[in-house]
Each structure stands twice: as structure tokens, then as C-alpha cells.
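The values are calculated or read from the model by the stated rules, or taken from the named source; none is laboratory data. Since this is a predicted model, take the numbers as computed values, not measurements. Reconstructed Cβ throughout: ideal geometry from the backbone, glycine too, with neighbour counts over all protein chains shown. Ligands, DNA and RNA are stripped out before the accessible areas are found, and what is left, the full protein with its side chains, is counted by its heavy atoms. Shrake-Rupley method; radii C 1.70, N 1.55, O 1.52, S 1.80 Å.
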Amino acid sequence: MEGATSAVDQIQPPTFGNLVTVLSIDGGGIRGIIPAVLLEFLESQLQALDGENARIADYFDVIAGTSTGGLVTAMLTAPNEKNRPIFAAKDIKDFYIEHSPKIFPQSSGLLGSAKKTLKAVLGPRYNGKYLHNIIRQTLGETRLHQTLTNAVIPTFDIKLLQPTIFSTYELKSNPSLDALLSDICIATSAAPTYLPAYYFENKDSQENVREFNLIDGGVAANNPTLVALSEVTREIFAGNPDFFPTKPMDYGKFLVISLGTGSHKKELKYDAKAAGKWGILGWLVNGGSTPLVDVFTQASVDMVDIHISVVFQALHSESKYLRIEDDKLTGNVSSVDIATKKNLEDLVKTGEALLKKPVSRVNLETGIFQSLGNEGSNEEALTRFAKLLSEERKLRESQSPNPKSSTSN
């Protein structure tokens with residue numbers, strides 16, 4: 001962790017520019033290392049353009065994240081004592097490498113595997129104590145309203161049986177959502193069968209108490225891109241002057257970067273003949289995987305990406321939507337919790353290799369990612385997007401009646 005040596009003011013509102021900028025980060029446990037590698041590269045490109053103090057939060061109107069992506073969102077947007085992000089993007093993967101083995105302690109051998117399976121049947125595989133402690137230590141007393149740009153973090157309330165979206169946009173109308181970022185991150189990471197559900201209470205300014213009974217936001221939105229776009233659209237519809245003259249559903253003005261944590265579609269061997277014989281146990285534990293969790297998280301990811309791809313293609317705005325995902329993970333790197341030193345290092349290598357792969361887009365018929373030969377590599381695409389983000393920030397500064405300090409100061 002390191003703070004910048006000089007203050008940089010928050011991004012000017014979209015009304016002074018041409019675009020509404022959105023960053024979204026999927027859930028995926030230890031696979032959060034993959035988007036961390038991608039974000040490190042993106043931030044390095046922004047620094048090459050605007051100075052070493054540039055940070056991801058300086059360029060996006062909203063950053064959304066689910067589960068592990070929610071934790072990354074908080075790390076990118078929570079302020080330190082200098083009112084700068086507590087983490088530079090380059091430090092996030094090191095955080096995962098250092099703490100993941102203690103969050104997901106490993107048991108070796110056949111006995112260890114049997115113990116892991118039994119835990120998944122009888123209760124959560126992990127007690128979550130270390131995760132809760134390190135998140136509280138990292139985020140301290142910071143609340144949602146203090147984030148350096150707008151943040152959107154989905155969770156799911158199992159008592160109400162509906163999503164609870166912690167969004168800075170919602171705080172004026174629903175102040176009870178202004179919870180500690182630590183509580184929000186613990187809640188959105190509470191993946192069923194892996195970590196325990198999370199209960200906490202929060203008071204608003206009138207001392208009204210609201211209780212939350214939450215689990216992983218991946219139940220509702222493992223890919224939170226559409227949630228972020230919906231939050232912005234709601235603000236536009238409500239007449240928020242920050243977005244004038246953008247109109248609701250004017251996706252042509254959105255610049256969206258959506259980062260996946262990888263999937264293993266090719267490796268899974270589920271089929272209807274086998275699944276037709278499963279009971280509760282079969283859906284919860286099967287060959288070291290949790291089919292039910294795999295199904296609902298992957299379905300959420302794909303449906304969102306397909307929807308947004310269709311919309312941006314229909315508006316001829318494909319160049320402003322970048323989805324980076326590797327749907328061909330195999331072996332341990334496809335796991336959300338195998339936190340061995342080797343596997344964590346392999347996840348870093350997976351992220352680095354993904355930068356070199358060609359830009360891909362989901363095939364609307366097969367659901368499989370296909371490379372686009374004319375758009376270069378993901379690395380080249382992120383470099384192009386960094387330039388667009390830098391230009392947008394500078395445009396807003398030049399057109400604002402109250403210009404703020406530059407990232408190069």
C-alpha cells in the first residue's frame with residue numbers, strides 16, 4: 001500500500017465532458033488476482049499519460065464490484081489520510097498473495113480433501129474470521145459516502161429474499177445504506193458454502209436502525225456491469241444535473257470496461273443425464289466443485305455480458321465497451337479458493353497472459369468468447385481506453401467553471 005505524495009481532486013462530473021465512464025469487476029474469490037493484474041496495467045498507462053500520482057478512481061464516474069470485485073472496488077476508492085486511494089492498483093495483487101492463504105487455509109492429501117468436502121456439507125468451508133479481520137483493518141471506519149468516486153457493490157439479503165445494492169447514488173434517498181465499507185465487503189464476499197452469511201446493523205443520521213442479513217452479491221449480479229449502468233440511468237432519469245444533457249438509456253455516451261475473473265466452462269463436465277440423478281448433496285458437492293454455485297454465478301455473468309453486447313452493437317458503440325474475460329481456465333487456477341503459493345503465482349501469470357490475448361467478444365449464439373482480429377490485444381485495448389479516459393478527464397477540467405488540480409501535480 002502506498003499513498004500519493006500530492007492531493008488530486010475527484011473527477012469532474014460528466015456534464016462537462018462527452019462520456020460517462022464505468023468500471024466493473026466480477027466476483028471470483030482468489031481469481032480477483034486476474035483483474036488486479038489488468039488494473040495494474042491500466043493504471044500504469046494512465047500514469048504514463050498524466051503522471052505517477054494518477055489512480056484508477058480519478059477517471060471513472062462509477063466503479064462497481066461484486067464479491068472479490070467489491071473488495072477491489074473498495075481498495076480503489078477508499079481514501080487514505082491524504083484523501084487518495086488506500087491502494088495503488090499495482091499493490092492489489094500483492095494483497096491477495098499475502099492474505100489469501102490465511103483466508104482460505106489449505107488441507108493437503110486425501111484426508112484434507114475429505115475434510116473439505118465434509119465441511120461443505122455441514123457448513124461453510126471457511127469460518128471467515130481472518131477475512132473479516134483483515135478487511136476491517138484495511139478499510140477502518142470508512143463509510144460508503146466517503147469513497148473517492150461513486151461505488152456500487154451488490155449483495156443479497158436472504159431475509160428479504162432480494163438484492164441489496166450498496167450504491168453511493170442511493171444514499172440521499174436511503175441513508176441507511178451508508179454502512180462501513182468493511183461490512184459491505186464482508187457481506188458481498190459471503191459466498192454460499194464457502195463463507196458464512198453476514199449479519200450487521202447500521203444506523204442512519206436519525207438513529208434509525210436497519211438490519212442486514214447478507215450473502216455474496218454474486219447470487220444477484222456476479223457481473224455487476226448492468227447494475228452500475230442501471231444506477232447511472234436512474235440518476236439521469238431523476239434529473240441529476242451531473243449527467244445533463246445525457247438521456248436515459250443513452251448508452252452511446254457510456255465508456256465501459258468490464259473485467260472478469262475467468263471461468264472454466266470447457267473443463268466442467270456437468271450434463272443433464274448426470275444432474276438428473278443429483279439430490280441436494282450432488283448439487284452442492286460434485287468432483288470438488290459446487291455445481292449450484294457455478295451455475296448461478298456463470299449464468300449471471302453471461303446474461304449481463306450478452307445483454308450489454310447486444311445494446312452496444314445495436315448502437316454501433318462497440319468501441320466503447322471492453323469486456324476482458326478468459327473462459328478457458330483449467331485446473332487449480334479455475335478454483336475460487338485453492339490459495340497455495342503456486343496457484344496464486346499462476347493466477348498472476350494468467351492475468352499477464354490475458355493481457356497478450358486478442359480482444360474477444362461473446363458470441364451471441366454460443367455464449368463463448370471469440371477473438372476479434374481487428375482490435376489487437378487486450379493490452380492494446382486498455383492502452384486505447386487509457387487515452388480516452390485521460391482525454392475525457394482533461395476535457396472536463398477545461399470546461400468546468402471550477403477546474404481542479406491535475407493528476408500530474
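Only residues that are of a type outside the set (Ser, Thr, Tyr), modelled with pLDDT under 95 and in a helix (DSSP H, G or I) were counted across the stretch 334-359, and they come to 0. The number of residues in the stretch 20-47 that are open to solvent by less than 10 Å² (accessible area, probe 1.4 Å) and free of Cβ contacts under 8 Å to residues at least 60 places away in the same chain comes to 1. Which residues, counting only those in the stretch 300-319, are open to solvent by less than 60 Å² (accessible area, probe 1.4 Å), in a helix (DSSP H, G or I) and touching a residue at least 60 places away in the same chain (Cβ under 8 Å)? Listed by number, the residues that qualify are Ser300, Val301, Asp302, Val304, Asp305, Ile306, Ile308, Val311, Phe312.
In the stretch 376-394, the condition of being touching an Asp or Glu at 6+ places or on another chain (Cβ under 6 Å), modelled with pLDDT of 90 or more, open to solvent by less than 20 Å² (accessible area, probe 1.4 Å) and closer than 20 Å to Gly28 by Cα is met by no residue. Please specify each residue of the stretch 191-222 satisfying the condition of being open to solvent by less than 60 Å² (accessible area, probe 1.4 Å) and touching a Pro at 6+ places or on another chain (Cβ under 7 Å). Selection gives Thr193, Tyr194, Leu195, Pro196, Asp204, Ile215, Asp216, Gly217, Ala220, Ala221.
Do the conditions hold for Pro192, that is, is it at pLDDT 95 or above, touching a helix residue (DSSP H, G or I) at 6+ places or on another chain (Cβ under 7 Å) and closer than 23 Å to Met303 by Cα? Give the derivation first.
Numbers: at pLDDT 95 or above: no; touching a helix residue (DSSP H, G or I) at 6+ places or on another chain (Cβ under 7 Å): yes; closer than 23 Å to Met303 by Cα: yes.
So Pro192 fails the test.
Going by what's in this entry, would Leu76 be described as buried (at least 24 other Cβ atoms within 10 Å of the Cβ), closer than 18 Å to Pro224 by Cβ, hydrophobic (A, V, I, L, M, F, W, C) and in contact with a Cys (Cβ under 8 Å, 6 or more places away or on another chain)? It is false that Leu76 is buried (at least 24 other Cβ atoms within 10 Å of the Cβ), closer than 18 Å to Pro224 by Cβ, hydrophobic (A, V, I, L, M, F, W, C) and in contact with a Cys (Cβ under 8 Å, 6 or more places away or on another chain). Restricting the search to helices (runs of 4 or more DSSP H) fully inside the stretch 154-268 and requiring at least 3 residues that are over 28 Å from Pro124 (Cβ atoms) and under 22 Å from the mean Cα position of the chain (by Cα) gives 225-237.
Selection of first residues in the stretch 334-350 that are open to solvent by 20 Å² or more (accessible area, probe 1.4 Å) and of second residues that are of a type in the set (S, T, N, Q) and not in a helix (DSSP H, G or I), restricted to Cβ pairs under 8 Å at least 6 apart or on distinct chains, gives the following pairs, ordered by first then second residue: Ile338/Gln106; Thr340/Gln106.
Only one of the listed residues (Ala238, Ala228, Ala221, Ala151) is free of Cβ contacts under 8 Å to residues at least 12 places away in the same chain and closer than 24 Å to Leu255 by Cβ. That residue is Ala238.
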